[in-house]
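This report concerns only the one structure given below.
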Amino acid sequence: MVNELREGDNLTPVDYSSLLEEILNKLLEKNLFKISSNNQVLEINIDEIAVFVARKKVENPISDTRFVRSATINFASEENFCNKIREIKDCLEKYFNSALQEKKLVNFIEGLTTNLESFRGPANQLGLSYPFNEVYPELQTQELILDSHKNGSDSILKFAKLTITVENTKNFLPQLEEGIENHIADYFETDDQEQIQDAYGFLKREINEDSSSLNVLQRLVDQETLGKLKREAIIIYLEHIAQNVDDKNRKTKGFIYLQDLIRRLRLIEEYLDEQTDDFEVYYAGVTVNYKDVFARGEAFDSLPIIPIIEGNLGESRDQERGKVQFTLGLKLKLNGKVQKDKGKTSFQYNLDIINPDNSEHQAKLTDPDIQNRESFARKVLIRVFLYYFIFACNPPSAIDDELNYDPGLKFDKVFIQLKADQSDDGKRDLFRRIIKGFNKYSVQEKVSSLRELLINFINKKGKLPVCNEERVISISREILNKDSDSISTGNFFQEDLSQGKKILKYISIDNTGVNYHTLCQLPVNIKIEDIRYFEGNSTQKKFEFKYDIKGIKALPVFWIPNTNPCLDKYKMYFEKKYKHILFSYDNQRLNQNTRNQENLNSTQIFVYRLTWILLSYLCLFILLEECREETKELLFIPMVRLHQGTLENPFHAEKFLANLSKLLCHILSQKYRCNSQGFRVQMNNQRQNFKIKNGLHSLYSVLSKKFKLTDNSGFLNMEKLAIIIVSSRESDAKRDNANSKDRIVTLIGEVISVERLEDGSVKIQPLRTFDNNYPLRSMYREPPILIETVKDLYSQGYQNFLYVAQATYTSTLHITQQEEDEKLYFMSPTIIKAMKQGKKNIKIYPVFYDKYYVHSLKSIKTNSLYIQDTRQLMNIAKDSSQEAVVFFNLFNGISVGRNNERFYNGVISYSTLLGKFYPGVMDDADIREALVLDSQLKNDILQYLTFFHFSRFERQTRVSLKLDPYENIIGDEGVGALSILPHVTEKINFNGLAFLIEVSKIVDIDF
């Protein structure tokens, strides 16, 4: 029950009593259920109740908001919460039975279901019709090989691999100590031996005290330096390109602009290093510190043309030698079209973000969610600095003058205006002048010239030489206090290190060499390699798949705005054609400055959303629980949404309910099959059928599919495989680190079943989702919901488990060797041991994944490409300590972008941890046979994994593998991320999934 969370935590309690009481009071006044005269439609009117409750005065559930980052389920009184939820559920049941007018609930809900096979038909218009009987034939995979000795001109794909190696990390603290000792000696007279010894004594205590300034500095260097190294690697890659441009292209405008881009990126570094004061600017209520922002690895990503670091492919540590190595992917951003904004180039799209007259700029700054508003304002300020520094120029003259322009001198005036405490109107005028200057001086043409040069460069078939650059991470002596009185009392540093990132100005990436202004240094190697992929000698593996919908019943749920054009489309294509449940709502409800001028404030928006979250779940739960058991086992719930808003300017109520429908689908998938899909009603006619087909393919992507090899490429032995995917998301926490282990987090998971049938085909189907909330201190030990899920699957005959999580790369240098650095999170030995406990024949294979991108040199006709030879894959990521091994790369055969912009193909890279991580828990030989060595078992598992990728593809045409089939669980588009909403106090987060998990424990006795 709920009280399992209470472990003497130090979190802020939440009390929803006032809010729940208002919901209950309104429910007692109004029956939200309405049944059509033909019993074909059940309409549930939550919207009217939600907005009524939102306008009532309710108490803030959080009594003390100080230092709170998130607050959802640390209930002030669990008993009161449970009782109130039960009262609301009982009230809903009472009114639903009243609406039924003596009909039996079980008969009514069974009558709303329809055999899914009756939806079989062409997908050429809005509706649920889909060609389920269609076979998807001639799918194929082609093996690639990696051979560093072959001629690059024969390759079909190329990959820019970045390796960052940091040496001597274990010597960092001794270096720091020695540097401070020398500093102490320098600032005292020789006859001040007593003071010197006092200072040395303070230094020894600082080293041994975890919270000391010395150790704070060490942790900040550990945590913040990799971003600076990534930024340096981006510039080095551009310099490497410039060194290898053909002679004929060195006389072009594009080459001048490449040189200028490199020069200006270096000037950004110098300009920011020169700033000694707070480098803060303000817009729309948001503060941005430019020094903090541009210390990050992704600082340059919003430029239209820039290398992007995409993909964490490996991280290895040699603790004996104090060496840490990061393997990353590089790709070039080439001012491509931004699909979500009517095909504008990246340059124009980002200028529109700055432009205060742009409709998206205006809409984003009136978003009801403060996080979205602040995020957009930050984007504006970041782009003003970055675009001004890279593109500001004098009137066009001699092209060589480009290399003499100093943007820093001009930006000083811009900075004064951005920093000034003036109205935003003045800053908007500044933004307009910047954009006007870019247009007047034809900056777009410069971008186009640079783009042309780089496209020609990446299309070169000749292999580039390896780029090796040596650098050092330096800590400046300027960080040290120069006052002997302060030094003698142990106050060694000028700055208050507790202020964290303010000391980043003392950390730099420098060229190698003796530097007397440096306190300590760590050597770094930045290596860029041109990796080539060649077509393999093995024959293509060919297969087909088809849907398996036998016996499945459907219960459609429609989410429809109650105004045109959505209402007309609903009446035309859905209302009379399908038995269904209908949630209707006012899609203008959360828009600001709407026609009725009845805008909801932040408190009301939270109440409105929470009312929707709670009542929509309880209503669907009550209804679905009444289905017969045989119906539940094969029930599919397609949730279809109609949207009037566009990608550029969405209606906020539509966006919220889209995320809510996905949240409900996830939590209902614990027992049923469920998926959600939206359709925009303002699609132009030319592309409407195309979008409808792909949307329906996405909606039905969770249904069972049967795959079958159609050639003689091999046979499959393994009878059953379970794929378990896990992630987590915070629900309750404070902002300080002192109580970090008291945080409550939500474990989020999904199980996929792979089963070989008697006819040799392979059935892929989602089995269930699973979730629960746990204190962080117990999350990575033995989370019961995960252990019980594995136990249940084992009892059903599953003995082989692929256990998948996103790679737990830390983005730290591992200078500090604290306990948390060594944790493997969901892959911890404790969890693996608990999963295996009492199961004699169980085999669990820990799997990490990440994505990177390769450039296609030739047209690829195959749906997917793969490499599974572990020896070859060491060319991608080699762990010198042999702790982690890349065992599978799967390439999407579809290039990213529009026809003339498809420069890159996506790759998903799988790696595993060898059994040495799990002494006494797992046998190293089991993992090697299943994932590393060339074996029948490995062939089976990787073929099943390939089928799974194809089963999640969300388009009907040009069917290929889905690059990231785990995105519903893991990442920024996963259900965990979509569940996060602003609380009554806007800067505090609320986790909708965590909340519903606790509600489900109260109403669902089988949870």
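The values are calculated or read from the model by the stated rules, or taken from the named source; none is laboratory data. Keep in mind it's a predicted model, so treat the numbers as computed, not measured. With ideal geometry, Cβ positions are generated from the backbone for all residues, glycine too; neighbour counts draw on all protein chains shown. These area figures cover heavy atoms from the full protein model, side chains too; ligands, DNA and RNA do not enter into them. Shrake-Rupley method; radii C 1.70, N 1.55, O 1.52, S 1.80 Å.
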Alpha carbon convex hull of region 515-557, volume per residue in cubic angstrom: 345
Label-point gap, in nm, between Ile207 and Gln417 - each point 7 angstrom along Cα→Cβ: 5.4
Of all accessible heavy-atom area on the chain, the percent that carbon and sulfur account for (1.4 Å): 43
Shape call, region 211-291: gyration tensor on alpha carbons, a/c limit 1.5: oblate
Mean separation of Cα contacts under 8 Å, 6 or more apart, over the residue count of region 403-545: relative contact order %: 27
Charge dipole magnitude, Cβ of K and R +1, D and E -1 - the chain, Cα centre, debye nearest 20: 4880
Links that overshoot a 24 Å alpha carbon limit, given the list Lys170/Lys204; Lys741/Lys878; Lys56/Lys579: Lys741/Lys878; Lys56/Lys579
Pairs of Cα atoms farther than 18 Å apart, region 131-242, %: 73
Value of relative contact order over the chain, rounded to a whole percent, pairs C-alpha under 8 Å and six or more apart: 19
Ordering of 380-390, 568-578 by packing [mean C-beta count within 10 Å, highest first]: 380-390, 568-578
Rounded accessible area per residue of the chain, 1.4 Å, Å²: 41
Length-normalised contact order for region 530-683 - Cα pairs under 8 Å, 6+ apart - percent: 29
Compactness index (Cα Rg / 2.2 N^0.38 Å), region 298-421: 1.38
Loop-resident sites, region 510-553, for trypsin sites (Lys or Arg not before Pro), counting at most 16 other Cβ within 10 Å (DSSP): Lys550
Reachable aspartates and glutamates, given that their alpha-carbon falls under 18 Å from the alpha-carbon of Lys463 and they are not under 8 places away in the same chain: Asp147, Asp154, Glu239, Asp246, Asp247, Glu529, Asp530, Glu535
Rotationally averaged projected area of region 126-193 (alpha carbon convex hull; nm²): 15.8
Lysines with Cα under 18 Å of Lys836, excluding same-chain neighbours fewer than 8 positions away: Lys720, Lys791, Lys916
In region 584-657, the trypsin sites (Lys or Arg not before Pro) that fall in loop regions by DSSP, at most 16 other Cβ within 10 Å: Arg595, Arg628
Of the trypsin sites (Lys or Arg not before Pro) in region 55-141, those whose Cβ has at most 16 other Cβ within 10 Å and which sit in DSSP loop: Arg55, Lys56, Lys57, Arg66, Lys103, Lys104
Set of aspartates and glutamates near Lys734 by C-alpha distance (under 19 Å), chain-local residues within fewer than 8 positions excluded: Glu7, Asp9, Asp15, Asp64, Asp742, Glu820, Glu986
Listed residue pairs exceeding 25 Å between alpha carbons, taken from Lys763/Lys858; Lys662/Lys705; Lys230/Lys379; Lys546/Lys962; Lys253/Lys436: Lys763/Lys858
Rounded, prolate or oblate (a/c below 1.5 giving rounded, otherwise prolate when a/b exceeds b/c) for region 53-188 by Cα gyration tensor: oblate
Of Lys671/Lys987; Lys419/Lys655; Lys460/Lys706; Lys150/Lys938, pairs whose Cα-Cα distance is over 30 Å: Lys671/Lys987; Lys419/Lys655; Lys460/Lys706
Helical segments meeting 27 Å axial Cα length and Kyte-Doolittle 0.0 threshold in the chain (DSSP H): 213-243, 370-391, 602-625
In order through region 67-74: 3J(HN,Hα) via Karplus (6.51 cos²θ - 1.76 cosθ + 1.60), integer Hz, x for Gly, Pro: 6, 8, 9, 8, 8, 9, 10, 7
Percent of Cα-Cα distances greater than 18 Å, calculated over region 244-359: 71
Packing rank of 363-376, 221-234, where each peptide gets the mean count of other beta carbons within 10 Å, highest leading: 221-234, 363-376
Cut-off 12 Å between beta-carbons: net charge of the residues surrounding Ile62, Lys and Arg +1, Asp and Glu -1: -1
Cα gyration tensor shape of the chain, rounded if a/c is under 1.5, else prolate or oblate by comparing a/b with b/c: rounded
